[in-house]
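Laboratory data are not the source of any read-out in this text; all were calculated from the coordinates shown. Since we're looking at a predicted model, the values are computed, not measured. Here Cβ is always computed from backbone atoms with ideal geometry, including for glycine, and neighbour counts include all displayed protein chains.
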Amino acid sequence: MGGCEKKEPDLSTLLDSSTELTLSIWTTEYEDFFEALGREFLSQKKVSGEVVVRSFSTSNGLEMALLNALAEGRGPDVVFIDGDWVLSNRAKILAAEPTAGFQIESLRTLWIEAAQDVFLGESYMYGIPLGADTLALLFNQSISVDRLGEEELPLETWKDLPGLAEQLVQKNNSFERFAIAALPMGRVDNVFHMTEVFENILFQRDFSLFTSDQRQATLTQEGVSEDGKKYRFGLDTLNFLRSFSDPSQKHFTWNASLASNKGEKAFDTFLQGKVAMVFAYARDLHRLKERHKRLQTEEDIRLMMDSDIRTVFLPQFKKPSLQAHRRSLARVFGFVVPRTAAQPQVSWSFLRFAHQSDIARTLHQSTGLLSVQYPLLLEQESDPLYGVFARQLKTAQVVQMPIRRRLLQEGFESLFDRLEDGDAPLKALEWLEEFLTEHLREAAGE
């Protein structure tokens, strides 16, 4: 690989001395951080110029604007984007060959597997990963001690969850029906991340949402269990999720009255000490801690102690002791250079600058986003709150999403609307399967 190395070009040789450089960055978040990062880049490179950051309110808005810009031969110099888009749109990205300090082989030993799968090819880099995340559970330690007599949750598998919910829940005669709920689950209107929980369970069961050629959704596909019984992956998982919001179940623990369907949804219920557990990403944990500080200034709001927030691993389909490692899905985020970038060498110089360890540390402190670099992830693993996320990320995997993630979320929300309107679960899943398949065909131009 050493023979393929290229040296990093001097930025001053790439620019017209009479023209001031403008570095354009598109993103959906962290705009202040990226603007400061861009200014630091120009300062260290001793180049005069400005940094223009355009922030979009949704990932869908960013992706549509980017596609339109690419079609017209224009666009930003750099885009901060989800790895799902990178995997599905590599032809729209200006890849780079290895340079000094950025050899493919060395990056494969430095980055976690999920980051490699998204941003590395056999001979090219498709971008620079800035961070990654994975889903885990936050819990209120005071509730755990009070209800279970334990500081740590006795939770390993999804089968453990109903029994644990029964122990944690505290029902009463109020309108909400609960003094303390166990966890937000079984709805999508006032709960975050139910789609991702659904995905993770199916992933742990070695089931794909789509056929191998990515032309059809497979939510109603049948399988055979280890004891020879037939079952449907999607239907079985959907019924499990919904059981937590079913009043006829002993582990009934969530309903529409427990949280708003806007704003922070069930996260605020958690902060107010009214629910024992909540699914969250590491970025959510950072946001929750910041929100806890703000809510402390408001009157008439009773909050849990900030020190009572604890984390526990995402439940597994099989006992962790029976697996080589825990299984979970990773989300990876990073910078890419669009193929229409006007100054690609400058863009890639900025990407390599952004790969510094100190920048990754600062990004984590500012956002909660975890590093993709093993040495930094080892540091974050020692953190009492973020350590669970860091340990999961070391073996977490990415699965290519052939349609925009927002479409999957919208389809899942519509599925639950149909269930509320009386559709049988299998019928609702059949509708979602067709909905996703139609969008797959549309994306393929069929």
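A few points about this structure:
- When the charge dipole of the chain is built from unit charges on Cβ atoms (+1 for Lys and Arg, -1 for Asp and Glu) and taken about the Cα centre, the candidate among SER357, LEU393, TYR126 whose Cα reaches farthest toward its positive end is LEU393.
- Sum of side-chain charges, VAL145 neighbourhood, beta-carbon under 14 Å (Lys, Arg +1; Asp, Glu -1): -3
- If R0 equals 35 Å, the separation of the Cβ atoms of GLU299 and ASN173 corresponds to a calculated FRET efficiency of about 0.85.
- Acute angle (nearest 10 degrees) that the helix 344-353 long axis makes with the longest principal axis of the chain, alpha-carbon atoms: 60
- The stretch 136-322: relative contact order as a whole-number percent, Cα under 8 Å and 6+ apart: 36
- Candidate cross-link partners of LYS250 among the lysines, defined by an alpha-carbon separation under 21 Å and a same-chain spacing of 8 or more, comprise LYS159, LYS171, LYS274.
- Take every DSSP beta bridge whose two residues both sit in the chain; close to 70 percent of them are antiparallel.
- Secondary-structure-derived ellipticity at 222 nm for the chain, considering helices only, amounts to -12000 deg cm²/dmol, per-run term -39500 (n - 2.57) for DSSP H runs with n ≥ 4.
- Rel. contact order, % - alpha carbon contacts under 8 angstrom, at least six apart, the chain: 25
- Those aspartates and glutamates that a straight Cα-Cα span of less than 12 Å connects to LYS92, excepting residues fewer than 8 apart in one chain: GLU63
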